[in-house]
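Worksheet: the structure to be examined is printed underneath.
The values are calculated or read from the model by the stated rules, or taken from the named source; none is laboratory data. On a predicted model such as this, the values are computed, not experimentally measured, just so you know. Heads up, the Cβs are rebuilt from the backbone with ideal geometry, glycines too, and the neighbour counts pull from every protein chain shown. Quick note on the areas: whole protein, heavy atoms, side chains included, nothing else; ligands and nucleic acids left out. Shrake-Rupley method; radii C 1.70, N 1.55, O 1.52, S 1.80 Å.
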Amino acid sequence: MLLTRLVTFSQEPDPYVADPNPAREIPGMALIWSDEFNTDGKPDPKNWKFEKGFVRNEELQWYQSDNANCRDGLLIIEGKQEQVVNPNYLEGSTDWKKNRQYANYTSSSINSQGLQQFQYGRFEIRARIDTTMGSWPAIWTKGITGKWPFCGEIDIMEFYRDYVGSVRKKPILLANVAWGHATYSWGAWDTQKVALTHFTSKDPDWCEKFHVWRMDWTKDSINLYLDDELLNTTLVEKTKNPEGYAPQEPHRQKHFILLNLAIGANGGNPVASDYPIKYEVDYIRVYQPAPTAVQSNIEKTTRIFPNPVKDFIFVESDNEVKSISIYDLTGQIVVQNNNMTQNKIDLTALNEGFYIAKIKFRDG
């Protein structure tokens with residue numbers, strides 16, 4: 001087997017199909033995790049879990065795993081007009097999750113909670129959204145501790161319909177950040193709404209194309225972009241929860257990622273729409289700052305070779321090596337060697353691809 005650095009020639013991506021290029025290099029940053037959705041079938045269970053049933057916002061859809069599948073290099077979430085029995089139905093209940101005997105729509109919602117969680121970084125998501133009436137797709141994050149909204153929420157992308165009079169008609173894109181409020185159960189929000197016409201007036205084919213939504217998140221700020229156009233900036237210092245609510249700083253903790261396609265509610269009345277409604281995600285990539293100068297100094301006295309390598313790697317260092325760990329790009333350890341009496345590590349069991357080596361020295 002080969003442990004390789006893949007070298008390819010990038011090509012300008014076709015805006016109507018999946019981008020075949022590998023993740024781009026960003027000066028000063030390192031790719032720490034990605035999902036390219038290149039394997040046909042269900043989303044990778046190492047990265048994603050499914051929500052089930054009626055979940056939030058009194059939306060119309062029943063969430064189920066059947067509606068999310070990977071093919072042709074894309075994650076495709078489909079909203080369907082079909083009837084599903086609600087097993088939690090309770091006649092006379094005032095709970096919206098129980099007083100509907102049936103759901104007349106189905107869709108999927110996946111999240112990376114407990115699997116892939118991040119604190120700060122650049123997040124890039126290439127996706128194509130369906131802007132038909134009733135469609136409410138989103139790319140968002142939630143903090144890993146605290147009840148909503150005190151856990152913190154970041155909406156990298158939401159598309160839905162805003163009110164025109166008393167009816168939801170106006171299509172808009174949102175870039176939002178939310179945290180807790182002492183009085184309002186729906187939280188405090190820093191919201192920027194941009195009319196869909198802002199984009200379609202410049203490109204009539206905008207809705208047919210893939211676009212890149214981006215978040216640059218540091219301990220100081222959250223900047224949300226669409227195709228490199230800045231939509232919203234939020235100062236993290238202003239997103240603290242009220243005294244007595246935990247965590248105190250919800251946007252200075254790890255967050256997990258959610259991808260979902262809701263039907264109805266803020267999306268508007270979906271009855272007259274064509275089905276299935278499709279929400280397609282090409283990739284999700286997370287970058288963080290590259291190793292510091294101190295780490296670079298260590299590299300000057302340490303060699304891992306050859307690179308690319310075949311079957312075995314060798315470690316030479318002026319420092320005494322305690323252990324070496326090999327990770328795949330999902331962050332999973334695939335080789336662990338805690339006894340470095342020899343400088344040779346067997347990697348014949350690994351598939352061809354990108355891997356990350358972490359060396360631990362005995363002096364710490």
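Out of Lys202, Lys219, one residue alone is assigned to a loop (DSSP other than H, G, I, E, B), open to solvent by 20 Å² or more (accessible area, probe 1.4 Å), within 22 Å of Val17 (Cα to Cα) and out of contact with any strand residue (DSSP E or B) (no Cβ under 6 Å at 6 or more places or on another chain). It is Lys202. Phe150 meets all of the listed conditions (1) farther than 28 Å from Asp227 by Cβ; (2) touching a residue at least 60 places away in the same chain (Cβ under 8 Å); (3) open to solvent by less than 30 Å² (accessible area, probe 1.4 Å) but one, namely (3).
Residues in region 199-251 that are closer than 21 Å to Pro171 by Cβ and among the polar types (S, T, N, Q): Thr200, Ser201, Asn232. Being open to solvent by 70 Å² or more (accessible area, probe 1.4 Å) and either in a strand (DSSP E or B) or not hydrophobic (A, V, I, L, M, F, W, C) (or both) is the filter here; which residues of region 222-247 pass it? Answer for region 222-247, where residues must be open to solvent by 70 Å² or more (accessible area, probe 1.4 Å) and either in a strand (DSSP E or B) or not hydrophobic (A, V, I, L, M, F, W, C) (or both): Asp227, Asp228, Leu230, Leu235, Glu237, Lys238, Lys240, Glu243, Gly244, Tyr245. Can you name the residue in region 121-141 that is open to solvent by 10 Å² or more (accessible area, probe 1.4 Å) and among the polar types (S, T, N, Q) and, of all such residues, is farthest from Met215 (Cα to Cα)? Only one residue tops the list, namely Thr132.
Could you run through region 205-216 and say how many residues are in contact with a Ser or Thr (Cβ under 7 Å, 6 or more places away or on another chain) and either loosely packed, with under 13 Cβ neighbours inside 10 Å or aromatic (Phe, Trp, Tyr) (or both)? It would help to see each step written out before you state the result.
Taking region 205-216 first, the residues in contact with a Ser or Thr (Cβ under 7 Å, 6 or more places away or on another chain) are 206-207.
With either loosely packed, with under 13 Cβ neighbours inside 10 Å or aromatic (Phe, Trp, Tyr) (or both) added as a condition, the list becomes 206.
Looking only at that region, the number is 1.
Checking the structure you have, find out if any residue of region 80-89 is over 30 Å from the mean Cα position of the chain (by Cα), more than 15 Å from Leu261 (Cβ to Cβ) and part of a strand (DSSP E or B). Yes: region 80-89 contains one or more residues that are over 30 Å from the mean Cα position of the chain (by Cα), more than 15 Å from Leu261 (Cβ to Cβ) and part of a strand (DSSP E or B).
Checked against the criterion of being under 19 Å from the mean Cα position of the chain (by Cα), closer than 26 Å to Leu60 by Cα and small (Gly, Ala, Ser), region 143-157 has at least one qualifying residue. Elements of the type strands (runs of 3 or more DSSP E) sitting completely within region 102-181 and holding at least 1 residues that are under 26 Å from Asn241 (Cα atoms) and of a type in the set (A, V, I, L, M, F, W, C): these cover 121-128, 135-143, 153-164, 167-179. Residue count for region 319-347 satisfying the condition of being open to solvent by 60 Å² or more (accessible area, probe 1.4 Å), farther than 17 Å from Arg303 by Cβ and not in a strand (DSSP E or B): 4. Among the residues of region 56-74, the ones that are farther than 18 Å from Ala265 by Cβ and surrounded by fewer than 17 Cβ atoms within 10 Å (Cβ to Cβ) come to 4 in all. Reported count of residues in region 33-55, each being in contact with a Gly (Cβ under 8 Å, 6 or more places away or on another chain), in a strand (DSSP E or B) and either under 11 Å from Leu75 (Cβ atoms) or open to solvent by 30 Å² or more (accessible area, probe 1.4 Å) (or both), is 1.
For region 94-112, check the following and say yes or no: at least one residue is within 25 Å of Gly41 (Cα to Cα), among the basic types (Lys, Arg), surrounded by fewer than 16 Cβ atoms within 10 Å (Cβ to Cβ) and touching a residue at least 24 places away in the same chain (Cβ under 8 Å). Among the residues of region 94-112, not one is within 25 Å of Gly41 (Cα to Cα), among the basic types (Lys, Arg), surrounded by fewer than 16 Cβ atoms within 10 Å (Cβ to Cβ) and touching a residue at least 24 places away in the same chain (Cβ under 8 Å), which makes the answer no.
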